[in-house]
Amino acid sequence: PEHLLVTPTCLLHVMSPTEGSEHYTHDRFITESYQFRILTSKRVFRHYLVRKALCAWKMETRRTAYCRATKALEQRAMMLHCPASYVTLRTVQRELVELDSMHVVEFENNCRYTQED
């Protein structure tokens, strides 16, 4: 178990046996705790981990959306290679070409048109 030993001259931070321990003099401990207090009072350092987690979540969400869109496009592309859909698409294409070749006549309101017009 982790614990802290305080003596008149130093502090000993004892962690698990595999991690070892850290030795601090009182002056060094006070200096580091003061620096830690100053840094954590700054907004950037205080919210760093929260911002890092939020950015990671946002990137993962974008990646998931991208993968989903890519998979949908691949499925559409596979559908186009299916023989059953090919006949339908050819029919639609022929109809569109036929519509494109038609001439559109515009009529104005309140006018009479004869066959020569």
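For segment 69-89, taking the residues that are open to solvent by less than 90 Å² (accessible area, probe 1.4 Å) and either at pLDDT 80 or above or among the basic types (Lys, Arg) (or both), the one that is farthest from the chain's Cα centre (by Cα) is identified as Ala72. Listed by first and then second residue, the pairs with beta-carbon distance under 7 Å, at least 6 apart or on different chains, first residue in segment 52-79 and closer than 30 Å to Arg90 by Cβ, second assigned to a helix (DSSP H, G or I), are Met79/Ser85.
Filtered by the rule that a residue be surrounded by 10 or more Cβ atoms within 10 Å (Cβ to Cβ) and among the hydroxyl-bearing types (Ser, Thr, Tyr), segment 1-58 gives Ser21, Tyr24, Thr25, Thr31, Ser33, Tyr34, Thr40, Tyr48.
The values are calculated or read from the model by the stated rules, or taken from the named source; none is laboratory data. In this text, all values refer to a predicted model and were calculated from it rather than measured experimentally. Virtual Cβ from ideal backbone geometry, glycine too; neighbours counted across all protein chains shown. Just so you know, the surface numbers come from the protein's heavy atoms only, side chains and all, with ligands and any DNA or RNA stripped out. Shrake-Rupley method; radii C 1.70, N 1.55, O 1.52, S 1.80 Å.
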